[in-house]
Amino acid sequence: MNVLLTGAAGQLGQALMEAKPDGITLVAYSRPELDLADAAACAAAVRHLRPDWVLNAGAYTAVDKAEGEPELAQAVNAGAPAAFAEALAETGGRLLQLSKDFVFSGQQ
């Protein structure tokens, strides 16, 4: 099984790499290898690697800065997952979108 992991330099990405089971081919990218703000690059990575799974552990997590950089936050946190999903629909893989910073219940 082939897996593409984003956010490889982050805490969650590091933990996922350490927990990789035998028999899994893992291609792990951090920001220098794959800029999640670049939707075309995200789709191209999927089309090139043709992974069975994309584990998207990368994200724009600077919540306070996001108000000043809404386009960047939107591109990373919404554009990248959309690009992965669209490319995976073509190649037959699946996406696991991971959230690891703030999760809101919607009850406010």
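The values are calculated or read from the model by the stated rules, or taken from the named source; none is laboratory data. Remember, it's a predicted structure, so these values are computed and weren't measured experimentally. Here the Cβ is made from the backbone with ideal geometry for all residues, glycine too, and neighbour counts use every protein chain on show. These accessible areas exclude ligands, DNA and RNA; they are computed on the full protein's heavy atoms, side chains included. Shrake-Rupley method; radii C 1.70, N 1.55, O 1.52, S 1.80 Å.
Look through segment 37-56, keep the residues that are assigned to a helix (DSSP H, G or I) and over 15 Å from residue 75 (Cα atoms), and return whichever of them is most open to solvent (accessible area, probe 1.4 Å).
Checking each candidate, the answer is 48.
Only one of these is in contact with a strand residue (DSSP E or B) (Cβ under 8 Å, 6 or more places away or on another chain) and in a helix (DSSP H, G or I): 16, 34, 26. Name it.
Sole residue among the options that is in contact with a strand residue (DSSP E or B) (Cβ under 8 Å, 6 or more places away or on another chain) and in a helix (DSSP H, G or I): 16.
Could you tell me whether segment 12-33 includes any residue that is in contact with a Cys (Cβ under 7 Å, 6 or more places away or on another chain), open to solvent by less than 60 Å² (accessible area, probe 1.4 Å) and modelled with pLDDT of 95 or more? Reasoning before the result, please.
The first filter runs over segment 12-33 and keeps only residues in contact with a Cys (Cβ under 7 Å, 6 or more places away or on another chain), leaving none.
Within segment 12-33, none of the residues are in contact with a Cys (Cβ under 7 Å, 6 or more places away or on another chain), open to solvent by less than 60 Å² (accessible area, probe 1.4 Å) and modelled with pLDDT of 95 or more.
Answer yes or no: is there a residue in segment 57-64 that is open to solvent by 60 Å² or more (accessible area, probe 1.4 Å), in contact with a helix residue (DSSP H, G or I) (Cβ under 9 Å, 6 or more places away or on another chain), over 22 Å from residue 14 (Cβ atoms) and in a helix (DSSP H, G or I).
No: segment 57-64 contains no residue that is open to solvent by 60 Å² or more (accessible area, probe 1.4 Å), in contact with a helix residue (DSSP H, G or I) (Cβ under 9 Å, 6 or more places away or on another chain), over 22 Å from residue 14 (Cβ atoms) and in a helix (DSSP H, G or I).
All but one of (1) open to solvent by 50 Å² or more (accessible area, probe 1.4 Å); (2) touching a Lys or Arg at 6+ places or on another chain (Cβ under 9 Å); (3) over 25 Å from residue 74 (Cβ atoms); (4) not acidic (Asp, Glu) hold for residue 1, so report the exception by its number.
Failing condition for residue 1: (2).
Among (1) in contact (Cβ under 8 Å) with a residue 24 or more places away in the chain; (2) open to solvent by less than 30 Å² (accessible area, probe 1.4 Å); (3) hydrophobic (A, V, I, L, M, F, W, C), where does residue 73 come up short?
Failed condition: (1).
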